[in-house]
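Please read the structure below before turning to the comments.
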Amino acid sequence: MLNNAPIGIYDSGMGGLSIHRAVRQLLPRESLIYLGDGKHCPYGSRSREEVARLADEAVGHLVSLGCKLVVVACNTATAAAIEALRAKYAPMPIVGMEPAIKPACLQTKSRVVGVLATERSLDGELFRRTAARYGADIEVLTAAGRGFVELVEEGREASVEAVECVGAVLRPMLERGADQIVLGCTHYPFLLGAMQRAAEGYAVNFIDPSAAVARRVGQLLEVNNLACDPAHEATEEFVTFADEAYREALEAKAHL
Ligand code: DGL
């Protein structure tokens with residue numbers, strides 16, 4: 001059975017657009033609704049309970065707009081709420097973000113990997129479990145990307161200030177020998193250029209999980225018989241809990 005309903009993609013703000021881009025590339029026929037909360041961004045230093053409540057509101061909103069599958073394109077919201085969301089909105093499939101520690105541990109030669117994420121993600125159970133599972137004999141260094149989300153939300157990701165801000169967080173990892181750095185927040189792929197500049201002279205690979213998340217969306221559509229008609233004309237919508245200017249900024253950033 002074919003299903004032309006939209007896929008919902010949600011984040012605290014603009015970060016989930018890195019996932020939106022990957023889903024659009026892989027599944028160009030699917031209609032998408034992107035919800036960037038905007039009103040409560042950043043989530044990274046809010047309490048787990050508050051993030052869980054905000055995530056529930058957001059997913060509920062996407063369900064009310066008729067979505068057939070939702071991607072929680074936010075590591076922080078995934079860490080705080082994915083199980084509760086899956087239980088509440090079953091049988092609708094919900095894809096969450098898992099820190100890409102597994103590929104980092106498989107690829108490292110120096111046996112040192114770095115993970116960048118928000119404070120709230122790093123102190124969560126999901127992170128601890130994933131790190132313990134794949135990083136047993138590997139040194140896993142973590143750091144909160146303080147200020148990173150704001151740089152992306154304010155469109156300052158290509159500034160000198162961005163290179164300095166990410167450099168200050170990356171340097172200790174690089175000096176310790178990390179050769180793989182996991183981007184554990186969906187805002188961070190927008191800072192890849194700044195990170196590469198800050199890491200000049202070091203042999204390091206940054207792991208952006210967006211393409212893998214898009215593949216997971218494709219698999220779940222197949223398994224659940226939710227894929228759209230191959231002749232379906234995709235539509236694209238951007239919604240927010242903030243104001244119209246923010247909604248327009250989301251749309252503009254999605255088409256950069
Ligand atoms: N983009 C989000 C994440 O992946 C949240 C960033 C924030 O709002 O602090 O964690």
If you go through segment 40-53 one residue at a time, how many are surrounded by fewer than 24 Cβ atoms within 10 Å (Cβ to Cβ) and assigned to a helix (DSSP H, G or I)? 5
Before we move on, is Glu157 within 15 Å of the ligand (Cβ to nearest atom) and open to solvent by 20 Å² or more (accessible area, probe 1.4 Å)? yes
As an exercise: evaluate Glu139 against (1) closer than 29 Å to Leu35 by Cα; (2) modelled with pLDDT under 95 and give the number of the one condition it does not meet. (1)
Which residues, counting only those in segment 182-210, are within 16 Å of the ligand (Cβ to nearest atom) and either surrounded by fewer than 24 Cβ atoms within 10 Å (Cβ to Cβ) or part of a helix (DSSP H, G or I) (or both)? Tyr188, Pro189, Phe190, Leu191, Leu192, Met195, Phe206, Ile207, Asp208, Pro209, Ser210
Condition first: away from the ligand (no atom under 16 Å from the Cβ) and either free of Cβ contacts under 8 Å to residues at least 40 places away in the same chain or open to solvent by less than 50 Å² (accessible area, probe 1.4 Å) (or both). Can you find one or more residues in segment 142-150 that meet it? no
Take Leu221 and decide whether it is out of contact with any helix residue (DSSP H, G or I) (no Cβ under 9 Å at 6 or more places or on another chain), within 26 Å of Gly36 (Cβ to Cβ) and in contact (Cβ under 8 Å) with a residue 60 or more places away in the chain. yes
Suppose we filter segment 1-37 for residues that are open to solvent by less than 20 Å² (accessible area, probe 1.4 Å) and assigned to a loop (DSSP other than H, G, I, E, B); how many remain? 8
Residue count for segment 80-120, restricted to those that are open to solvent by 60 Å² or more (accessible area, probe 1.4 Å) and more than 16 Å from the ligand (Cβ to nearest atom): 12
Subset of segment 58-79, residues surrounded by 15 or more Cβ atoms within 10 Å (Cβ to Cβ) and assigned to a helix (DSSP H, G or I), comes to Ala58, Val59, His61, Leu62, Val63, Asn75, Thr76, Ala77, Thr78, Ala79
Could you check segment 80-129 and list, in sequence order, the residues that are β-branched (Val, Ile, Thr) and not in a strand (DSSP E or B)? Ile82, Ile101, Thr108, Thr118
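The values are calculated or read from the model by the stated rules, or taken from the named source; none is laboratory data. Just so we're clear, the structure is a prediction, and the values are computed from it rather than from any experiment. Positions of Cβ are backbone-derived with ideal geometry, glycine not excepted, and every protein chain shown enters the neighbour counts. Heads up: the accessible areas ignore ligands, DNA and RNA and are worked out on the full protein's heavy atoms, side chains in. Shrake-Rupley method; radii C 1.70, N 1.55, O 1.52, S 1.80 Å.
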